[in-house]
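The values are calculated or read from the model by the stated rules, or taken from the named source; none is laboratory data. Quantities reported herein were computed from a predicted structural model and do not represent experimental measurements. Heads up, the Cβs are rebuilt from the backbone with ideal geometry, glycines too, and the neighbour counts pull from every protein chain shown. Please note that ligands, DNA and RNA were not included when accessible areas were found on the heavy atoms of the full protein model with its side chains. Shrake-Rupley method; radii C 1.70, N 1.55, O 1.52, S 1.80 Å.
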Amino acid sequence: MRVALISLMEQVAAAGTGGGPGEAPAVSVVNPGFLPIAGHSIARHQLGLALALGCTRIVVHAEMLTAEIVEIQHAAEARGARFHIITAARALVGLVAAEDELFVFAEGFLAMPAEARRLLDEAPGVLVLPVEAGVAAGFERIDINHAWAGALRMPGRIVAGLGDLPADWNPVAALLRLAVQARLALRAVPQALLERGRWRLVRTEDDAHAAENDWLAQHTAADHMRSPGEWLAVQGVRRIGPALLHARTRPWVVAVAALVLVMLALGAGWWGWSGIAFALIGLGWVLSQAAGMLAKVEQDSLLESSGRVRGGSWLNPLLDVVLIGACAWHGSSAAVTGAGAGTAVPAGATWFAPVVLVLLLWLYPMVLREFCWTGWLCDRLLVALVLIGMTLILPVQTALHLIVLALLATALAQAHGLFPNRLLTTGS
């Protein structure tokens with residue numbers, strides 16, 4: 001059995017803003033484990049890591065049961081793990097058998113889940129950093145060359161040593177010393193993770209604010225140059241996302257807001273207001289991307305099950321149906337006006353061009369993956385802006401015909417090597 005220990009006992013003094021003129025500022029006390037990152041406490045992030053590592057028993061060391069701990073308990077039990085709360089280090093001895101494995105996390109320890117899982121899953125040991133970099137980042141020094149990196153994996157037989165220590169010892173500090181005395185392997189954490197903010201120790205509220213910004217930036221990073229709509233969605237998540245996550249706004253709420261915009265676009269298209277419909281479609285797509293990114297942050301942070309549907313990805317087909325309708329309805333009204341009353345417009349005449357356009361927008365990114373520019377065709381904000389710009393000077397149907405011809409000609413030219421494939425190769 002794998003067991004995880006999460007400690008919530010440490011209290012860190014932090015200077016407050018209270019106090020009158022000439023008086024020292026008030027001092028507040030914070031528990032690093034309860035500091036919020038992306039709407040969840042650091043202890044909740046550690047629980048997600050423990051569950052991902054296969055821990056079926058979660059032990060929390062705390063003075064009393066609080067609302068935050070109850071939330072952690074519910075999350076652990078919802079994933080099928082047994083939950084225990086202890087107030088003394090010796091109580092851990094009866095919860096970890098000799099054949100078990102124990103994972104221990106320092107209070108305030110926060111790391112990108114992928115790296116932490118990889119290092120802890122490789123083999124038992126004490127994760128360490130070079131002493132200079134580790135101590136400067138707030139980690140505890142354990143010998144002349146190493147600082148503890150905030151996590152360790154140890155055999156359960158070592159836990160029995162807690163019974164020989166004073167009852168008031170902190171179990172995390174005690175287990176670290178027992179592991180070092182037992183000559184458990186020291187396993188190095190790449191210093192680059194520390195330098196890039198992917199491995200850190202959060203002690204104060206200022207640390208938490210900085211970590212949260214880095215956390216969202218890391219989880220929304222990309223290896224390609226973003227399209228305009230995607231870039232706008234990322235900026236929104238990085239700037240407004242923390243407030244939404246702290247308010248416990250779920251990604252599906254943002255997806256519902258995107259759906260509302262799509263429904264408004266449907267109404268605008270029905271009345272022939274194509275420019276407004278295109279604008280609403282573009283904004284709806286941006287919101288749906290933001291919902292998907294917020295869901296990805298939760299899932300990649302091991303806070304939500306990876307089997308859940310991410311955000312508003314289901315909105316994309318609906319967006320395109322509304323886009324087709326807005327183009328066709330505007331084209332129908334324009335055709336009737338131009339042909340005169342009583343002149344029949346062939347059924348489907350105004351639907352063909354928008355249907356072909358949307359099919360090309362879906363086809364090219366799938367079959368022309370080696371050409372980076374095709375990725376931008378997924379950006380419905382960009383498509384909407386192009387349509388708005390062209391329909392300001394041309395009839396909608398004419399604009400659609402020209403766009404379809406331009407896409408076909410560009411794909412043929414690219415396939416024959418007439419254009420260099422340099423677009424969209426780098427980004428963040």
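Please give me the summed charge of the neighbours of M9: other residues whose Cβ is under 13 Å from its Cβ, Lys and Arg +1, Asp and Glu -1. Result for the local shell: -4.
Please give me, ordered by residue number, the GluC sites (Glu not before Pro) of the stretch 51-129 that lie in loop per DSSP and have at most 15 other Cβ atoms within 10 Å. Please report the intermediate quantities before stating the final value.
Numbers: sites: E63, E68, E71, E77, E99, E101, E107, E115, E122; in loops: E63, E99, E107.
Hits after loop and neighbour filter: E63, E99.
Between the amide H of R226 and those of S428, distances stay under 5 Å, these residues lying 5 or more places away or on another chain, with hydrogens modeled in the peptide plane.
T87 contributes about 100 Å² of solvent-accessible surface, heavy atoms of the protein only, 1.4 Å probe. Couplings for the stretch 135-143, taken from phi via the Karplus curve 6.51 cos²θ - 1.76 cosθ + 1.60 with θ = phi - 60°, read 5, 4, 8, x, 7, 7, 6, 10, 7 Hz in order; Gly and Pro are left as x.
Expressed to the nearest 5 percent, the antiparallel share of DSSP beta bridges inside the chain is 55 percent.
Each Lys or Arg adds one and each Asp or Glu subtracts one; over the other residues with Cβ under 15 Å from the Cβ of I240, this totals +3. Taking a probe of 1.4 angstrom, what is the accessible area of D300 in Å², to the nearest 10? Roll a 1.4 Å probe over it and D300 shows about 50 Å². For volume of the Cα convex hull per residue in Å³, the choices are [x] 152; [y] 205; [z] 195; which was calculated from the structure? It is the value labelled [y]. Counted residue by residue at 0.36 nm each, then reduced by the alpha carbon distance between them, the extension gain from V93 to A114 reaches 4.6 nm. Distance between the pseudo-spin-label points of A247 and L392 (7 Å out from Cα toward the beta carbon): 3.3 nm.
Along the stretch 185-194 the Karplus relation, 6.51 cos²θ - 1.76 cosθ + 1.60 evaluated at θ = phi - 60°, assigns HN-Hα couplings of 4, 8, 10, 6, 9, x, 4, 4, 5, 5 Hz to successive residues, with x for each Gly and Pro. Helix 315-339 and the longest principal axis of the Cα set of the chain meet at an angle near 20°. Normalised by the number of residues in the chain, the mean separation of alpha-carbon contacts (under 8 Å, six or more apart) gives a relative contact order of 14 percent. If r is the Cβ-Cβ distance from A188 to W351 and R0 is 45 Å, what FRET efficiency results, to the nearest 0.05? Calculated value: 0.10. C378 sits with roughly 60 Å² accessible to a 1.4 Å probe, with DNA, RNA and ligands left out of the calculation. For the pair V131 and D206, the difference between a 0.36 nm per residue extended length and the Cα-Cα distance amounts to 24.6 nm.
Near the amide H of I37, within less than 5 Å, lie the amide hydrogens of I42, all on another chain or at least 5 residues away, with H placed in the peptide plane. Taking Lys and Arg as +1 and Asp and Glu as -1, the other residues whose beta-carbon sits under 10 Å from that of R44 total -2.
Pulled fully out, how much extra length does the chain show between V256 and M366, if you take 0.36 nm times their separation in residues and subtract their Cα-Cα distance? Don't skip to the end; give the middle numbers.
Numbers: separation 110, 0.36 × 110 = 39.60 nm, distance 2.75 nm.
Extra length from V256 to M366 when fully extended: 36.8 nm.
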